[in-house]
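The block underneath contains the structure these notes are about, expressed in structure tokens.
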Amino acid sequence: MFTSDERGIVEPNSDMVAMAISVIGFIIFVSLIAHSYQVYDEKTYIAQHYDDAASLAGLLRNEPLLTVPDRPDLIDAARVESLTPGDIEGLKDRYGTRYGFSFKVEVPPSYSKVVGTAEEFGVSASVPVTIRLNEVDELPGTLTVKIWES
């Protein structure tokens, strides 16, 4: 390592380690910036479309296909269970003009029903509802709507 010779010694590969560390640091920096932008883009999308999901949930809360005929504020679990594929397509044609959507009606832990299939990435909004499980039980639950670009 140390010599008594005053002349400088340059190893042929001594700058390779410094170059490798610099390249690795640059790659990590670029990946952090890309990930930050991706998270920002997703959060912006959610913020822009949350009101649309909440509005759709409000419309489905009073949908005649889901509610009891004489009480439009009460979702009937039997009607949700008896939805046919044609009914689901009719709902999507009526409400899903700009977005694809699916929804879930649930009363934890006793009842949960998902109607439709959802994309992996989307925006969800929930509204509180009263759900009739049978002629005797009417329990508080939630109606959750998930929307995505169609």
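The values are calculated or read from the model by the stated rules, or taken from the named source; none is laboratory data. The shown structure was predicted, so the numbers you read here are calculated from the model rather than taken from an experiment. As a convention, Cβ positions derive from the backbone with ideal geometry for all residues, glycine included, and neighbour counts pool all protein chains shown. We work out accessible area using only protein heavy atoms, side chains counted, and drop any ligands, DNA or RNA first. Shrake-Rupley method; radii C 1.70, N 1.55, O 1.52, S 1.80 Å.
Taken together, the criteria exclude GLU149 from residues that are among the acidic types (Asp, Glu), at pLDDT below 85, closer than 30 Å to GLU42 by Cα and exposed (fewer than 12 other Cβ atoms within 10 Å of the Cβ).
Checking the stated criteria, ASP15 turns out to be at pLDDT below 85 and assigned to a helix (DSSP H, G or I).
Residues checked against (1) under 30 Å from VAL105 (Cα atoms); (2) under 23 Å from the mean Cα position of the chain (by Cα); (3) open to solvent by 40 Å² or more (accessible area, probe 1.4 Å):
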site	(1), (2), (3)
HIS49	yes, yes, no
ALA53	yes, yes, no
LEU59	yes, yes, yes
LEU65	yes, no, yes
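When restricted to residues that are under 15 Å from the mean Cα position of the chain (by Cα) and surrounded by 12 or more Cβ atoms within 10 Å (Cβ to Cβ), region 111-142 contains 9. If you check ARG94 against the conditions, is it closer than 14 Å to THR144 by Cβ and open to solvent by 60 Å² or more (accessible area, probe 1.4 Å)? In short, no. Exactly one residue among PHE29, PHE121 is of a type outside the set (Ser, Thr, Tyr) and out of contact with any strand residue (DSSP E or B) (no Cβ under 8 Å at 6 or more places or on another chain), and that residue is PHE29. Among the residues of region 84-107, the ones that are at pLDDT below 85 and in a loop (DSSP other than H, G, I, E, B) come to 3 in all. Could you tell me which of the residues ILE24, ILE33, ILE28 is in a helix (DSSP H, G or I) and within 27 Å of the chain's Cα centre (by Cα)? Selected residue: ILE33, the only one of ILE24, ILE33, ILE28 that is in a helix (DSSP H, G or I) and within 27 Å of the chain's Cα centre (by Cα).
Each residue in region 75-85 was checked for being surrounded by fewer than 16 Cβ atoms within 10 Å (Cβ to Cβ) and closer than 15 Å to THR144 by Cα, and 0 pass.
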